[in-house]
1. Given a 1.4 Å probe and heavy atoms of the protein chains only, how would you sort Tyr111, Tyr82, Tyr50, Tyr99, largest accessible area at the top?
2. Using only the alpha carbons of the stretch 36-113, what is the convex hull's orientation-averaged projected area in square nanometres?
3. What ³J(HN,Hα) values, in whole Hz, does the Karplus curve 6.51 cos²θ - 1.76 cosθ + 1.60 give for the stretch 107-117 when θ = phi - 60°, with x put for Gly and Pro?
4. Need one value: the accessible area of Leu33 in square angstrom, 1.4 angstrom probe, rounded to the nearest 10.
5. Probe radius 1.4 Å, ligands and nucleic acids left out: which of Asp45, Asp92 has the largest accessible area, and how do the rest follow?
6. Using modelled backbone amide H atoms (1.01 Å from N, in-plane), which distant-in-sequence or interchain residues come within less than 5 Å of Gln75's amide H?
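The values are calculated or read from the model by the stated rules, or taken from the named source; none is laboratory data. This one's a predicted model, so the numbers in the text were calculated from it and none came from an experiment. All accessible areas refer to the heavy atoms of the entire protein, side chains included, with ligands and DNA or RNA removed. Shrake-Rupley method; radii C 1.70, N 1.55, O 1.52, S 1.80 Å.
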Amino acid sequence: AGLWTVFTLGGVGSKASPQLEQCSPLANQSLLLLLVLANLTDAPDTPNPYRQAIMSFKNTQDNTAFSSSNPHAFQINFNSLYTALCEQQKSDQATLLLYMLLHQNSNVRTYVLARTDIENLV
């Protein structure tokens with residue numbers, strides 16, 4: 001019965017909880033906007049700059065040289081990002097962001113796989 005409710009969209013994370021949206025509506029709307037912008041299709045002559053930024057950002061604690069060749073490159077603290085994603089995994093938006101980051105950004109994927117507390121995310 002529990003598995004069936006997950007398949008019929010009645011499981012955990014199927015709806016954004018009202019409590020989650022009320023405590024941080026700006027964060028929720030910002031995340032939705034980021035997901036929409038990052039998933040826009042590429043123009044024939046220029047790639048999507050939001051997707052390029054999602055694919056290329058690095059950890060602020062990484063000691064490798066920061067490439068200035070990519071105009072959309074930036075750095076973010078992966079530990080803070082990981083903690084925020086762990087806390088928000090009950091929302092579909094955060095899960096979709098995590099999915100996108102794991103599949104499109106090799107830096108995030110490497111960081112998450114190197115963590116010893118991955119059960120917090122799962």
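1. Largest accessible area first, the list is Tyr99, Tyr50, Tyr111, Tyr82.
2. That works out to 5.7 nm², a quarter of the Cα hull's surface.
3. 5, 5, 4, 4, 5, 5, 5, 7, 5, 8, 10
4. Here the residue's solvent-accessible area equals roughly 100 Å².
5. The ordering from most to least exposed comes out as Asp45, Asp92.
6. Lys58
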